[in-house]
Each structure stands twice: as structure tokens, then as C-alpha cells.
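Report on the following structure.
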Amino acid sequence: MKLTVLSLRKSFGDLQVLSGIDLELESGRVYCLMGPSGSGKTTLIRVLMGLETADCGDIIWENTVSALPATDTATSDSLSSDSVASDSAASLPAANGKAGKGNNPTGISPRFAAVFQEDRLCEAFTPVENVLLVTGRSLSAARVRAELSRLLPEESLSRPVSTLSGGMKRRTAICRALLAPYDVLFMDEPFTGLDEDTRQTVISYILEKNAGRMLLISTHQEEDVASLEAEVIRLSSR
Amino acid sequence: MKQNPHNFSVWRRPLIILFWIFIWQLAAWLIHNNIILVGPADAGLALLRLIPTGEFWLSVAHSFVKISLGFLLAFACGLAFGGAAYRFPLLKEFLSPILSLLKSIPVASFVILALIWVGSRNLAVFIAFLVVFPMIYINTIAGLQSTDPKLLEMAQIFRVPALKKFRYIYLPALLPYLLSGCRVALGMSWKSGVAAEVIGIPDASIGEQLYMSKIYLDTANLFAWTFVIIVVSALFERAFLALLGGLQRKGGAAHEADRPQSA
């Protein structure tokens with residue numbers, strides 16, 4: 001799977017958040033989206049997921065092109081892709097073929113999973129139930145429990161999420177995204193609230209589970225780039 | 001010696017109740033007129049005389065079935081229409097004048113109208129329905145509107161099926177509003193249902209018994225029946241609220257248990 005973004009622009013009222021973003025991303029690679037606070041990382045991820053509609057520009061998944069209003073490409077965010085290291089493209093699970101929303105209204109869109117800036121967990125339910133919510137019938141409760149226990153203490157798996165610490169919630173959200181069926185995974189600052197050891201454990205788990213699929217992570221930490229063997233996409237401040 | 005604060009909190013409430021029962025008995029002794037006020041002892045004796053009779057149980061069962069039926073029908077319709085109004089704002093606007101009317105018209109006016117329309121037999125069902133429906137409807141809309149939009153976005157991204165979305169996202173937001181609405185509506189359904197029975201006097205009902213107490217100036221019986229109403233409505237309220245409160249956890253646990261065990 002290949003994602004091509006051409007001259008993407010997005011503003012909220014008078015505030016121009018994204019101006020002329022161009023990107024090319026491929027499956028089997030990890031990309032770190034970096035930039036100062038307010039540079040539009042979250043907005044770009046939301047636009048790519050179809051949660052926000054871009055003002056203009058093209059988002060192309062595979063061969064699917066969506067034409068948006070005429071693009072003014074005169075200005076562009078300074079955007080560079082510093083290849084730190086990259087794996088070769090790997091085979092990818094098939095997209096399930098549901099039509100997406102946002103900038104790709106008529107095409108076939110890949111299946112997304114996400115770790116949002118907030119955990120977005122169902123607080124009254126256990127971590128196991130939160131994961132089962134998104135996994136469909138493909139995974140049993142026992143399997144989900146086994147996967148979660150790699151990142152969380154066993155005793156926490158049967159407790160409502162509302163009783164867990166911030167770090168535990170974050171790991172639940174990460175596990176939920178990785179166990180869901182997806183083609184492209186977006187993670188918006190996923191390591192917030194995790195200590196260094198946990199961070200490394202989580203990164204290893206992410207790399208193991210995401211194998212062969214496209215992963216875009218927004219982060220402020222340069223060391224994450226090396227740990228994730230990622231390519232850097234840098235957004236400049238407005 | 002230091003008093004155990006836990007022991008005191010356990011005994012505090014019964015002691016307060018006993019204090020007010022004593023004041024009530026004292027007032028009855030001072031007034032010394034069984035038509036104006038009977039004491040708790042006389043009311044208790046009247047209740048003990050009622051309990052062994054078949055008429056007592058028939059009246060309680062009749063009113064319980066009618067009022068509960070009205071409540072449950074209103075609960076189901078309030079949920080359904082509230083859900084539909086949340087989904088389709090035009091329907092909400094369309095129903096708005098009817099809801100305003102239902103909330104502002106006195107129950108007594110409805111009772112007279114219901115006597116003409118449905119007769120006294122199903123009067124309590126009709127009145128309980130009319131009183132409860134707006135409360136459940138309004139609380140259903142408010143509960144659904146309180147759903148976290150961020151969780152709905154999450155469900156959209158992960159393509160969570162509609163039924164799961166309801167169970168995991170909408171229901172936890174809806175339940176606190178529904179529980180709060182039901183607490184008020186359950187009490188109101190009994191108050192208005194019995195009041196309607198007193199006006200309509202359906203055969204073998206609590207309302208008829210209260211009416212007879214008025215005719216014969218039998219204050220002891222009036223107090224005894226009032227106590228029965230309080231007990232029956234409280235039992236129904238507790239059972240219904242416990243059922244509703246257990247729904248959310250049960251839904252989640254059932255979901256996990258439903259999973260196939262191979263993966």
C-alpha cells in the first residue's frame with residue numbers, strides 16, 4: 001500500500017494549520033512525524049484518517065485519487081524526509097474495501113487503527129473488553145488477555161479502565177490499536193506518560209505487531225526515531 | 001472511652017426515625033381524635049387487620065400491575081422515542097409541543113379525560129404512562145447527547161459495529177441519566193397512579209380503598225394504606241433500579257464470555 005499526499009492544506013478559520021503538505025509513505029515502513037507543538041501533526045493525522053476534511057489537496061491510497069478544489073501550491077511547509085533507516089516493503093494484509101470519508105470520498109480506503117492523543121478508552125470496561133470492542137470475532141478473550149499481559153500487570157486486566165494509572169491506560173490504548181485489524185496505524189504521541197523501560201518494551205511490541213504495515217507516529221523524542229528504525233517527516237512551525 | 005464512629009453511623013438513622021415516630025405518637029395522644037390524626041400504634045393495628053384479608057392482596061396486586069404496566073410501557077416508549085429524537089432532530093422538534101403539553105397539563109385534567117376515553121379499569125396504566133413518558137424521553141435524549149464525541153470518533157476509526165457501539169459507548173453515557181430519571185419517575189408513577197384511582201375508583205384497587213377511608217373517615221386505614229403504597233413503590237423502585245444499574249457491567253461481561261476460545 002502506498003499513500004501519496006499532494007499539496008494538502010487545512011485551516012481553522014483564519015488559522016492556517018497545514019499549508020501545502022506533500023508526502024509519500026509506503027507499507028512496511030515506520031514514519032515519525034516530528035515538529036514543534038502547534039505545527040499541525042495531530043491535524044495532519046486527523047486529515048489522513050478522514051476525521052477532518054482538508055481545504056484542498058489530494059490524498060491517494062493505492063490507485064484511489066480524490067480531486068479536491070484547485071490547489072494553491074505556492075506556499076509549502078518545510079517538509080523533509082530524513083531516512084534514518086528503513087525496512088524493505090513487506091506484504092500487507094488486504095484492505096477490507098470499505099469506502100472512506102474525508103478527502104477520499106469515492107475511493108477504496110484502507111482500514112485504520114489509531115492511538116489518539118488521549119487514550120479514548122471506555123472507562124467502565126476492563127482493558128480486555130476495550131480491546132475486544134475493536135478486534136471483532138478474530139481474537140478470543142484469552143488471546144487478548146495474553147497479549148495485554150505482555151504490556152500490563154495481569155491483575156490490572158480485570159479491573160475497569162477508570163481504576164488504572166495513566167501509563168496503564170496508554171499501554172491499553174496502544175495494545176488495542178495493534179490488535180485491531182488494520183492496514184495503516186496512526187499513533188499520536190503514544191509514549192506520553194511512559195517511563196524509559198516501559199517505552200522500550202512498548203516500542204519492541206509495536207515493531208513486532210505492526211510488521212509489514214504502514215505506521216505513522218507523531219513524537220517529540222529524537223531517540224524514538226532510532227528505536228523505531230523510522231524515517232522522519234518534519235513539520236515546521238507556522 | 002472513645003466511641004466507634006462506625007457504630008454511631010449505623011445507629012444514627014434508625015434513631016432519627018424512632019424519634020419522629022415518637023413525635024407522631026405524642027401528637028396523636030395530645031390531639032386525641034382518631035379522625036384528625038391516628039398514632040403509629042393505631043395505624044399499625046389497622047395494617048395488621050388488613051394484611052390477612054384477600055381484598056387487601058387483591059387491591060395491592062391490581063394497583064401494582066396497572067401502575068407498573070404504565071411505567072414499563074412509558075419506559076420503553078420514552079427510550080424508543082428519545083433514541084429516535086436524538087438520531088433525527090426533526091422528530092425532536094416535531095414532538096416538542098406534545099412534550100410541553102404533557103408536562104404542563106395537571107394530572108387531574110388527564111384523569112377526567114382518561115375516564116372518558118378508557119374508563120376506570122385502565123386509568124392507572126394511562127396516567128402512569130403520561131406522567132413517566134416525558135421524564136424518560138427527556139433523560140434519554142440528554143444521556144445520549146452526553147456521549148463523548150471522542151469515543152465516537154474512536155469507534156468510527158476502528159469501525160465498531162452499531163450494537164457494540166451502543167453497549168460500550170452510548171449505554172454508559174445514557175445509564176446515569178436514565179437512572180436519575182427513573183428514580184423520580186418511579187415515585188411519580190405511584191403517586192399519580194393512586195391519585196387517579198382515588199378519582200376514578202376502579203374496583204379492587206388501592207385508590208378505591210383510600211376513597212373508602214375518606215368516605216368512612218377511617219384515618220387509621222388511610223395511614224395503613226399509605227404505608228402499603230410507600231413500601232410497594234419502594235420495592236418496585238429498588239428492584240427496577242438494581243436491574244438497570246446491573247445492565248452495564250453485565251453487558252460487558254457477557255461480551256467477553258461470548259468470545260470464541262480459539263485464536
Of the residues in the stretch A:181-227, those that are within 26 Å of residue A:38 (Cβ to Cβ), within 11 Å of the chain's Cα centre (by Cα) and of a type outside the set (S, T, N, Q) number 11
The residue from B:206, B:201 that alone is within 29 Å of residue B:115 (Cα to Cα), open to solvent by 30 Å² or more (accessible area, probe 1.4 Å) and either assigned by TED's automatic domain parsing to the domain that holds residue B:109 or of a type in the set (Ser, Thr, Tyr) (or both) is B:201
Residue pairs qualifying under the 8 Å Cβ cut-off, at least six apart or on distinct chains, with the first in the stretch A:196-214 being touching a residue at least 40 places away in the same chain (Cβ under 8 Å) and the second being loosely packed, with under 14 Cβ neighbours inside 10 Å and of a type in the set (Ser, Thr, Tyr), are A:212/A:91
Filtering the stretch B:132-158 down to residues that are open to solvent by less than 40 Å² (accessible area, probe 1.4 Å), farther than 16 Å from residue B:184 by Cα and either of a type in the set (Gly, Ala, Ser) or outside any helix (DSSP H, G or I) (or both) yields B:147, B:155, B:158
Picked from the stretch B:105-158 (must be within 14 Å of chain A (Cβ to nearest Cβ) and among the polar types (S, T, N, Q)), the residue nearest to the chain's Cα centre (by Cα) is B:146
By my count, strands (runs of 3 or more DSSP E) wholly in the stretch A:127-238 with at least 1 residues that are of a type in the set (Gly, Ala, Ser) are A:214-218
Going through the stretch B:100-123 in order, the residues found to be of a type in the set (Val, Ile, Thr) and under 16 Å from residue B:194 (Cβ atoms) are B:107, B:111
Taking the stretch A:155-187 and keeping only residues that are under 15 Å from residue A:113 (Cα atoms), without any contact (Cβ under 8 Å) to a residue 40 or more places away in the chain and touching a Phe, Trp or Tyr at 6+ places or on another chain (Cβ under 8 Å), one is left with none
Restricting attention to the stretch B:38-60, the residues that are under 15 Å from residue B:227 (Cβ atoms) and either open to solvent by less than 70 Å² (accessible area, probe 1.4 Å) or in contact with a Phe, Trp or Tyr (Cβ under 6 Å, 6 or more places away or on another chain) (or both) number exactly 14
### Query
For the stretch B:23-32, does any single residue satisfy the condition of being in the same structural domain as residue B:236 (by TED's automatic domain parsing) and small (Gly, Ala, Ser)?
no
Would you call residue B:168 surrounded by 23 or more Cβ atoms within 10 Å (Cβ to Cβ) and modelled with pLDDT of 95 or more?
no
Filter the stretch A:137-151 for residues that are open to solvent by less than 10 Å² (accessible area, probe 1.4 Å) and touching a residue at least 24 places away in the same chain (Cβ under 8 Å); the one that is nearest to the other protein chains (Cβ to nearest Cβ) is A:144
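The values are calculated or read from the model by the stated rules, or taken from the named source; none is laboratory data. What you are looking at is a predicted structure, and each value in this text was computed from that prediction instead of being measured. Virtual Cβ from ideal backbone geometry, glycine too; neighbours counted across all protein chains shown. Accessible surface is based on the protein model in full, side chains and every heavy atom, while ligands, DNA and RNA are left aside. Shrake-Rupley method; radii C 1.70, N 1.55, O 1.52, S 1.80 Å.
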